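Novice: Once you've had a glance at the structure underneath, I'll fire off some questions.
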Amino acid sequence: MGHLENLKGTANAVDFAKRNGIYVVLLVLIGFFSFATENFLVSNNLMNVARQVSMLGIASVGFAFVLLLGGIDLSVGSVITLVNVVCGWFMVNQGMNPVLAIVLTVAMATLIGFANGWIIANIQMPPLIVTLAMMIIIEGVAFLISKGVPIYGFPESFAVIGQGYLGPIPIPVVIMAVIMGIGAFILNKTYFGRYFYAVGGNEEAAKLSGIKVKNVKYLVYSLSGLFAGIAGIVILSRTNSATSNVGEGFELEILTACVLGGISVTGGVGRISNVVAGVLILGVLSNGMVLLNVTEFTQMVIKGTVLLIAVAFDCMQHRKTS
Amino acid sequence: MNILELKNITKKYPGVIALNDVSIEFVKGEAHALVGENGAGKSTLIKSCTGAVMPNSGKIVIEGEEFTSLTPQLSESHGIGVIYQEFNLVGELSVAENIFLGRAIRKGLVVDKKAMAREAAKIFEQFNIDIDPNALVSSLTVGYQQLVEIAKALSQKARILIMDEPSAPLTSAEAERLYEVVEKLKASGVTIIYISHRMEEIFRLTERITVLRDGQKIDTVKTSETNMNDLVKLMVGRELKETYPQRKACISDEVLLDVKNLSGNGVSDISFHIRKGEVLGFAGLIGAGRTETAELLFGAAKRTEGTVLLNGKEVSPKTPREAIDSGIALVPEDRKGKGALMDMTIRSNTSMAVLERISKCFVIDAKEERRLAEEYKQSIRIKTPSVEQKIKNLSGGNQQKVIIARWLASEPELVIFDEPTRGIDVGAKSEIYTLVNALVEDGKSVLMISSEMEEVMGMSDRIVVLCDGKISGSLDRKDFNQETIMNFASQK
């Protein structure tokens, strides 16, 4: 029995490492850049990192839900672009009140997500293809509206979202913290959050347990759209100009952050608290490499490698347990 | 002359002996039937011959050449061909291309389609089969696809052809054609090992019959010297050795579930009733339509006809949720595929069907959830240090108990158990029987689907037997008899 207890002890230690190892990686990175550069470990710069990753962090919550469900949402980046263009167009070309413009565009983003979910659940197409097609459509629409010309000249009040501060903390960081809190709350406390895991883990068993799988899919993809929409508004307010390529490639960065954060690409496993670490790692890497004068292309090589290692780790875990 | 001899073949799996010292001789040119209940060891025996399974001990002798185990390549090169229930054909290739798949006839670097078609046509001609070698396999009916499989085996010079329930997917006209082909194969010297549940065709086609039961060879008999009743006796003739926990007499006069003419999902015209406090057993062979009927009752499949009354009120669940809400629970057959959420805790698995009930404003009442899990952990004795343990860390029997806990938590009036004790150990089995007893003593009703004859006879108050998607018989406890049940189950 003692032997068994020991085994259980190591199993728990391994479990703990698996759960929180990502924070060790984060700390090691921070340590490395603190030594390697003078300017990294300065409160100004750290706040800067947090603000830089806030958009990524906001959108990654919805994306994490989709991954938990065993799906993927490639349309996230294009939704961010469309939100920028449409919100900018509403405010500048239509002279719409910023609040109304925000509400309408975020609602639009949510509806796009719902459309993804509806098609995936009812026509039973692979999420990869549905959201890829949606991405292409939305990019086209965004271009049609903006005609490729940047939209700028927003009301001053609009800038608060992206550029304002709450005490010492930038407002985008506050929004990110709130949304990640909401995300964690949904997953840990609500029954529908629990359903995300169930459907992603074993759809058939979930269905036979009385879960309305279709509704869960509608909800998850809608939330992915909603959070992408909010991220889009923050970006628009920060850059003060709507361009038709702002969200390009964003979905892949989000995917990297989520997978780094231990959300399994095969669904059913993952926690928001670790996605926070995944997001921060990407931010620290970008910021640190800039400070070290690493060129953009070398950065790409490094980020791609990081993604590969993260997925490989996930797949190896999966093979071991099954 | 014996073309194939199996000598003292034993195959053990953890906790179960699939084949125990089985010896059979197959004579050249004979059709030799293998019969036995589900789990008697037929599949393992075939797999030993095809190299898919390595026996722990024993010898396989093919035309005098001795092997202790075979590989699929060795088996094929020594003339053993198999027609599985699932075909290995590529739908988008032609018949001839399928027959020569991986062994294409070539002219230089180019595949010689004409030569292949010619060769295929020769084989078909020999057995009087009318298939166009250039047709796409996907355009053929199941019956013809099967003949393509047979032609494929013959083109590989198969002299021993193993056929696993070949007539099961066929219409009666297609089956007739298959029988003709089998007769011709025999005449040309091919040995047929024929696995089937259908007595009629066994008596029509085969020269000898070997009966397996619980991994042992019971006897090999000449078909001409036996009859259906004797054969069934050999198949089932074991003593009922396991004792089943006693339960108080608790059957009430009130009917809980009344099913009339239920059809759809591969079954038709199913009518039966269950009273309160009663265990109704569903017996039959695999594929008889028992699980399919359960799915209809549970709203997991679409009903085309019929009515279901629960407590006198009509219910027609379109989703499992509706069924659960009306008081029906289903403990599914395939624990891994349809029951357990492997990456989740025992607590989450237990509460899964009642989460919405124990939530307020979308938020799960964590205390209540924990209490529920602890309660069932105690009451049905799930062996685990903590309900926070992931279900995948439990043994099969304990996993099954967690799934049962999930369904008990939904407070059902009718619990459908589909093969509730498959693959779990003896101790956990008897605990599950006790649990079933407790349920009916509490006035609930149980529908128990089981392929284990002993279990279904030991636990049921009444048994309904299904065969080919229909009810073929019904017995009260005083009339329970293995042979009668087997006869009902293997009716054509």
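The values are calculated or read from the model by the stated rules, or taken from the named source; none is laboratory data. On a predicted model such as this, the values are computed, not experimentally measured, just so you know. Note: ideal-geometry Cβ built from the backbone for every residue, glycine included; neighbour counts use all protein chains shown. We work out accessible area using only protein heavy atoms, side chains counted, and drop any ligands, DNA or RNA first. Shrake-Rupley method; radii C 1.70, N 1.55, O 1.52, S 1.80 Å.
Novice: Considering Cα pairs under 8 angstrom that are at least six residues apart, work out the relative contact order of the range B:383-492 and quote it in whole percent. Before the final figure, lay out the partial values.
Specialist: On the way: 103 pairs, mean separation 20.0, N = 110.
Relative contact order for the range B:383-492 comes out at 18 percent.
Novice: Which residues in the range A:74-104 have a backbone N closer than 19 Å to a point placed 7 Å from the Cα of A:Leu252 along the Cα-to-Cβ line?
Specialist: Answer for this model: A:74-82.
Novice: Quick one: dipole size for the range B:2-236, taken about the Cα centre, charges +1 on Lys/Arg Cβ and -1 on Asp/Glu Cβ, in debye to the nearest 20.
Specialist: 580 debye
Novice: Ok, one more. According to the square roots a ≥ b ≥ c of the eigenvalues of the Cα gyration tensor, what is the shape class of the range A:113-267, taking rounded for a/c under 1.5, prolate for a/b larger than b/c otherwise, and oblate for the remainder?
Specialist: Values: a/c = 2.50, a/b = 1.46, b/c = 1.71.
It comes out oblate by the Cα gyration axes.
Novice: Could I ask something else about it? Provide the net charge surrounding B:Ile83, with neighbours chosen by a C-beta distance below 11 Å and charges set as Lys +1, Arg +1, Asp -1, Glu -1.
Specialist: -3
Novice: Per residue, how many Å² of accessible area does the range B:255-490 show with a 1.4 Å probe? Walk me through the numbers on the way to the answer.
Specialist: Details: 8770 Å² over 236 residues.
Computed with neighbouring chains in place, this is 37 Å² per residue.
Novice: Charges only on Cβ, +1 for Lys and Arg, -1 for Asp and Glu: so what's the dipole of the protein assembly as shown about the Cα centre, in debye to the nearest 20? Working shown, then result.
Specialist: Numbers: 80 positive and 83 negative charges, 293 e Å.
The calculated dipole for the protein assembly as shown is roughly 1400 debye.
Novice: Sticking with this structure for a sec: How well do other chains shield peptide B:344-350, expressed as the mean number of their Cβ atoms within 10 Å of each residue Cβ?
Specialist: Average per residue, whole number: 2.
Novice: Rounded to the nearest angstrom and ordered from largest down, what semi-axes does the equivalent ellipsoid of the range B:1-133 get from its C-alpha gyration tensor (root of 5λ)? Provide the component values of the computation, followed by the final result.
Specialist: Numbers: eigenvalues 232, 52, 49 Å².
They are 34, 16, 16 Å, listed largest first.
Novice: In the range A:187-322, with Lys and Arg counted as +1 and Asp and Glu as -1 at Cβ, which of these residues, A:Ser209, A:Ser286, A:Ser224, has the Cα nearest the positive end of the dipole, that is, farthest along it?
Specialist: The one lying farthest along the dipole's positive direction is A:Ser209.
Novice: Leaving out ligands, DNA and RNA, what percent of the accessible area of chain A is carbon and sulfur, probe 1.4 Å?
Specialist: Roughly 69 percent of what the probe reaches on chain A is carbon or sulfur.
Novice: Hey, can you list the residues from the range A:178-197 whose accessible area shrinks by 40 Å² or more with all protein chains present, relative to the chain by itself (probe 1.4 Å, no ligands or nucleic acids)?
Specialist: Residues meeting the cut-off: A:Lys189, A:Tyr191, A:Arg194, A:Tyr195.
Novice: Once the principal axes of the Cα atoms of the range B:140-192 are found, what is the range along each, listed largest first in whole angstroms?
Specialist: So the extents along the principal axes, rounded to whole Å, are 27, 18, 16.
Novice: Sticking with this structure for a sec: Between chains B and A, what is the buried accessible area summed over both chains (1.4 Å probe, protein heavy atoms, nearest 100 Å²)?
Specialist: The contact between A and B buries close to 2100 Å².
Novice: Could you check how many percent of all C-alpha pairs in the range B:207-348 are farther apart than 25 Å?
Specialist: In whole percent, the share of Cα-Cα pairs in the range B:207-348 beyond 25 Å is 51.
Novice: Here is a further query. Could you calculate the FRET efficiency of B:Asn393 with B:Val16 from 1/(1 + (r/R0)^6), where r is the beta carbon distance between them and R0 is 25 Å, rounded to 0.05?
Specialist: 0.65
Novice: Just the Cα atoms of the protein assembly as shown, one point each, no solvent: what log10 I(q)/I(0) does Debye give at q = 0.06, 0.08 Å⁻¹?
Specialist: The calculated log intensity ratios at q = 0.06, 0.08 Å⁻¹ are -0.54, -0.89.
Novice: Charges only on Cβ, +1 for Lys and Arg, -1 for Asp and Glu: so what's the dipole of the range B:396-440 about the Cα centre, in debye to the nearest 20?
Specialist: Roughly 120 debye, rounded to the nearest 20.
Novice: Can I ask one more? Got a sec? Charge dipole of the protein assembly as shown, +1 on Cβ for Lys and Arg, -1 for Asp and Glu; which of B:Gly458, A:Gly193, B:Ile218 is way out at the positive end?
Specialist: Working it through, the farthest residue towards the positive pole turns out to be A:Gly193.
Novice: Another one. For chain A, just say rounded, prolate or oblate: build the C-alpha gyration tensor, square-root its eigenvalues into a ≥ b ≥ c, call rounded for a/c under 1.5, and beyond that prolate if a/b exceeds b/c, oblate if not.
Specialist: Numbers: a/c = 1.93, a/b = 1.21, b/c = 1.59.
Oblate shape, in that a/c is at least 1.5 and b/c is the bigger or equal ratio.
Novice: Ok, one more. Give the residue list of trypsin sites (Lys or Arg not before Pro) in the range B:116-208 that are DSSP loop and have at most 15 other beta-carbon atoms within 10 angstrom.
Specialist: When the trypsin sites (Lys or Arg not before Pro) of the range B:116-208 are filtered for loop state and at most 15 Cβ neighbours within 10 Å, B:Lys157 remain.
Novice: Need the C-alpha centroid separation for the range A:265-288 versus the range B:397-454, integer Å.
Specialist: 43 Å
Novice: Separate question: Extension gain B:Arg370-B:Glu25, at 0.36 nm per residue separation less the Cα-Cα distance, in nm?
Specialist: Once the chain is fully extended between B:Arg370 and B:Glu25, it gains 118.2 nm.
Novice: Then there is this: Can you find, among B:Val90, B:Ala438, B:Thr291, the residue sitting farthest towards the positive end of the charge dipole of chain B, where Lys and Arg contribute +1 and Asp and Glu -1 at Cβ?
Specialist: B:Val90
Novice: Specify whether the C-alpha gyration tensor of chain B places it in the rounded, prolate or oblate class, a ≥ b ≥ c being the square roots of the eigenvalues: rounded for a/c under 1.5, otherwise prolate if a/b is larger than b/c and oblate if not.
Specialist: prolate
Novice: What number results when the radius of gyration of the range B:2-236, computed over Cα atoms, is divided by 2.2 N^0.38 Å?
Specialist: So the Cα radius of gyration is 1.03 times the expected 2.2 N^0.38 Å.
Novice: Next question. Going highest first, how would you order B:213-226, B:257-270, A:204-217 by mean Cβ packing within 10 Å?
Specialist: Highest-to-lowest ranking by the protection proxy: A:204-217, B:257-270, B:213-226.
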